[in-house]
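S.K.: Here it is, the structure, as structure tokens.
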Amino acid sequence: MSDLVKNIFRLAIFVVVQVYVLDKLPPLHRFVIPVLYYLFILWLPFTLNRFTLLLIGFVTGLMLDYFKQTPGLHAAACVLIAYIRPFIISILIPKDTAEFNYREPSPAAMGLAPYFIYVFILTVLHHTYLTLLEWLQFGTFLDFLIKVISTTGISLLLIFTVELLFPRKMKFRTNTA
Amino acid sequence: MAFVLLQVFSLYMLFKFNKLHHAAFSGIANEFTGSMNTQVDKLDDYFHQGEENRRLHRMNDSLLNLLKTNYSVPDTGQRLVVDSAMIDSIQQFRKYIWRDAKVVYNTVNSEKNYMQLNRGAKYGIKDNMAVLNSDGAVVGQVVNVSTNFSEVMSLLHVQSSVSAALKKTGDAGKLEWDGKDSRFVILKGVSKSVEVKVGDTVVTSRYSYNFPPEKLIGRVAQISSDPATGFYLLKIKTAVNFATIQQVFVVENLQRDEQLQLEKDTEKKVEQQKKGK
């Protein structure tokens, strides 16, 4: 499967799971809201240029927004993480191996520790920005802090689970292939 | 540069929507999400059929009990009356019209919960219509309509505000949600001189343009007082279980436009009189 087709399927699955499963779960607590869809953006191939990344981020966010009736909210957060993503990757991966052996970020491609640092930073950024935008309209500062921490926690747990359940088979890219 | 542009665009959309509840391209987007939601909802229905059936049976029971055949008229009460009036003086006109609808998407775990219904402008749904559940208890009001679907702001929305009253005394207040527990809403603005007990019924007030009067909202679960205003702060257990809501009615007030127009005209008139003095 080509990268394009694969990612289109992925986007559809992530949005459907987010909208019809995670958002419909009986809430554990009002602060603990499972959010997973942005993993799609973290899994995009390395080779995409910055502008394409931003555009994909925007469209992903907007799709979710139209389902959840919050136009612009998730789009803003997704654009932010799509923008920050290349910087984090270039910091975490040594410069001399600029030509990556793998197509997209994964524990195998980046190493377990760097990969989870990458996930952690973008998760925190995404949730902070999302909650900040919500908090500007409603709520107290303490609510804001607790909500960021708890949603980050549950999201990281979900991402861990997804990585364990669906290990992406990644071909080692060589010149001969 | 593209980053800043997209950010500004999304934030513009967000803040515009929060004011007007009308998103860019919401017509097309609503049609798309609506058709998806309908399919998922069809599947979801199978899991609630038993409960829904029992509820329907209860409702039928209450209606059958109202049938005329259940009451017999004493013979002595019958007499022939010739009506001399040319115009039927007890002629009735319709003020509210009820339309059925089905909830196709619904959440309770956000601070701004919306529902999507499978009826839209084609079916006569307009903004600001009241939405009641199939037992006649208040669910929310319509905020946005596309051709085949409509979006409802449920009571569980931090911007929702509904005029409500205590059934016993008729004292009106404002019903809002604090975004915390999806089983409870807050009634504000009831004066402390009113005697309130836990378990008192709260209904829609007579002063609302959108909601038909005396429709059940819930029961008082906790009584406290608002230190800032000196009014009661009543925690209301909602009659509707928002997590399992399925069938609803959309209620249109046929005189709403006239009432609003009158209010506007009155304001203008008073304003002019002030200037004239």
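S.K.: I'd like the GluC sites (Glu not before Pro) in region B:151-206 restricted to DSSP loop residues with at most 11 other Cβ atoms within 10 Å, sorted by number.
M.R.: Within region B:151-206, the qualifying GluC sites (Glu not before Pro) (loop, at most 11 other Cβ atoms within 10 Å) are B:195.
S.K.: Quick one: which residues, 5 or more positions from residue B:105 or on another chain, have an amide H under 5 Å from its amide H? H modelled 1.01 Å from N in the peptide plane, none for Pro or chain starts.
M.R.: Sorted by chain and number, the residues that satisfy this are B:116.
S.K.: So how much slack lies between residue B:53 and residue B:222, counting 0.36 nm per residue of separation and subtracting their Cα-Cα distance, in nm? Spell out each step's value before the answer.
M.R.: Values: separation 169, 0.36 × 169 = 60.84 nm, distance 3.24 nm.
Roughly 57.6 nm would be gained on extension.
S.K.: Cross-chain or 8 or more residues apart, Cα under 21 Å: how many lysine pairs in chain A fit that? Count them up, please.
M.R.: Taking the Cα cut-off of 21 Å, the pair count is 5.
S.K.: Another question, then. How many angstrom separate the Cα center of region B:95-165 from the Cα center of region A:103-160?
M.R.: If you average the Cα positions of each part, the centres end up 33 Å apart.
S.K.: Quick one: what are the phi-derived ³J(HN,Hα) couplings along region A:27-34, Karplus 6.51/-1.76/1.60 with θ = phi - 60°, whole Hz, x for glycine and proline?
M.R.: For region A:27-34, the Karplus-derived couplings read x, 5, 7, 5, 8, 8, 10, x Hz, x marking Gly and Pro.
S.K.: Among B:67, A:132, A:22, rank each residue by its count of other Cβ atoms within 10 Å, from fewest to most, as a rough exposure measure.
M.R.: So the residues, fewest neighbours to most, are B:67, A:132, A:22.
S.K.: At what distance in angstrom do the alpha carbon centres of region B:167-231 and region A:1-64 lie from each other?
M.R.: Spelled out, the Cα-based centre of one part sits 41 Å from the other.
S.K.: Now a separate question. Counting other C-beta atoms within 10 Å, which of B:114, B:12 has the fewest, and how do the rest follow?
M.R.: The most exposed by this proxy come first: B:12, B:114.
S.K.: Taking the number of other C-beta atoms within 10 Å as the exposure measure, put A:44, B:43 in order starting with the fewest. Intermediate results must be reported in sequence, preceding the final value.
M.R.: Numbers: A:44 22, B:43 9.
By the 10 Å Cβ count, ascending: B:43, A:44.
S.K.: Calculate how steeply helix B:2-20 sits against the longest principal axis of the alpha-carbon atoms of chain B, using the helix alpha-carbon long axis, and give the answer as 0 to 90 degrees to the nearest 10.
M.R.: So the helix axis and the longest Cα principal axis differ by about 10 degrees.
S.K.: In whole Hz, what ³J(HN,Hα) sequence does region B:241-258 give by Karplus (6.51, -1.76, 1.60; θ = phi - 60°), x for Gly and Pro?
M.R.: With the stated coefficients, region B:241-258 comes to 8, 5, 6, 10, 5, 10, 9, 9, 10, 9, 10, 9, 8, 5, 9, 4, 4, 5 Hz.
S.K.: So for the pair residue B:266, residue A:112, with labels modelled 7 Å out along Cα→Cβ, what separation do we get in nm?
M.R.: The modelled label-to-label distance comes out at 7.2 nm.
S.K.: Using just the helices of chain B, give the 222 nm mean residue ellipticity in deg cm²/dmol: DSSP H runs with n ≥ 4 each add -39,500 (n - 2.57), and the total is spread over all residues, rounded to 500.
M.R.: Calculated at 222 nm, the ellipticity per residue is -9500 deg cm²/dmol.
S.K.: Then there's this: Using all alpha carbons of chain B, what is the percent of pairwise distances in each 10 Å bin, ordered from the shortest bin to the longest?
M.R.: Spelled out per bin, shortest first, that is 6, 21, 28, 24, 14, 5, 1, 0, 0.
S.K.: Could I ask something else about it? Give me the extension gain from residue A:21 to residue A:52: residue separation times 0.36 nm, minus the current Cα-Cα distance, reported in nm with one decimal. Intermediate results must be reported in sequence, preceding the final value.
M.R.: Details: separation 31, 0.36 × 31 = 11.16 nm, distance 2.85 nm.
In short, 8.3 nm is gained.
S.K.: Across region B:162-218, how many lysine pairs separated by 8 or more positions, or lying on different chains, have Cα atoms within less than 21 Å?
M.R.: Lysine pairs satisfying the spacing and distance rule in region B:162-218 number 16.
S.K.: In addition: Report the calculated FRET efficiency for residue A:3 and residue A:141 (r = Cβ-Cβ distance, R0 = 51 Å), to the nearest 0.05.
M.R.: The value I calculate is 0.75.
S.K.: Could I have the simple spin-label model distance between residue B:161 and residue B:214, label points 7 Å from Cα toward Cβ, reported in nm to one decimal?
M.R.: 2.8 nm
S.K.: While we're looking at this one, here's another question. Quick one: angle between helix B:49-64 and the longest Cα principal axis of chain B, in degrees between 0 and 90, rounded to 10, please.
M.R.: 30 degrees
S.K.: Could you derive backbone 3J(HN,Hα) for region A:146-155 from the dihedral phi with the Karplus parameters 6.51, -1.76 and 1.60 (θ = phi - 60°), listing whole Hz in sequence and x where the residue is Gly or Pro?
M.R.: In residue order, the calculated couplings are 4, 5, 4, 5, 6, 5, 4, x, 5, 5 Hz.
Read-outs: derived from the displayed coordinates by stated rules, not from any lab. Everything quoted here is computed from the prediction, not taken from an experiment. Here Cβ is always computed from backbone atoms with ideal geometry, including for glycine, and neighbour counts include all displayed protein chains.
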